[in-house]
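Right, one structure below, let's go through it.
Nothing in this text is a laboratory measurement; each read-out follows from the coordinates by a stated rule. If you're wondering where the values come from, they're calculated on a predicted model, not measured in any experiment.
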Amino acid sequence: MRTAAYRSVAAVLPSLFSAAAALAAGDDCLLPERFDLPVLEGCRQAAPGTLELSADALARLPFNADGLATVLAAGQFYYVRRDGHYLPVITFDNGADYFSEGLVRAVVGGKLGYYDTGLQPAFAARFDWGWPFEDGEALVCEGCRRGETDADGHTPMIGGRRYRIDRHGNPLPESP
């Protein structure tokens, strides 16, 4: 019984430290891939969706096999390429949205779109919401809106028209 209580507390502590570090950093960039969330000097969010990133900061980023690094600034996650090009992506499971079938979700101009590992749009951002691609298809919605967040922190999308798209953004025929 006592061990289970310690496990519960241990599971919550990293989230608390992460939230406290993110709040303390303000517009500074943090490295969310590291447990201690260090500040990346020379990197900050200049305005919502906009990073200022020095050459020194860019050189210190831990890039993955796709040539991307993740930073967190002012509560927004960004993927950054080696050349400094960046994309603000949605938050999913308390982190930067993950690539699914080579595409990641981002909101640009108030609409959700899908972007490749080069951070280029797969097609125009035009949805009010979309789920990750699976088996070459993604469920999207137009005219939907956020519902009430539940006790577990999940927010449903309600209303609107839902349909499936292919990897080019084309609507797929409805299943019978």
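Worth a mention:
- Pair-distance distribution of segment 49-93: all C-alpha pairs, bin width 5 Å, starting at 0; shares per bin in whole percent are 5, 23, 35, 24, 10, 2, 0.
- Relative contact order (%) - criterion: Cα under 8 Å, at least six apart; region: segment 63-148: 17
- For the chain, the 222 nm mean residue ellipticity estimated from helices alone, with every DSSP H stretch of n ≥ 4 adding -39500 (n - 2.57) and the total spread over all residues, rounds to -5500 deg cm²/dmol.
- Radius of gyration and Dmax over the Cα atoms of segment 103-176, both given in Å: 12.8, 37
- Rel. contact order, % - alpha carbon contacts under 8 angstrom, at least six apart, the chain: 11
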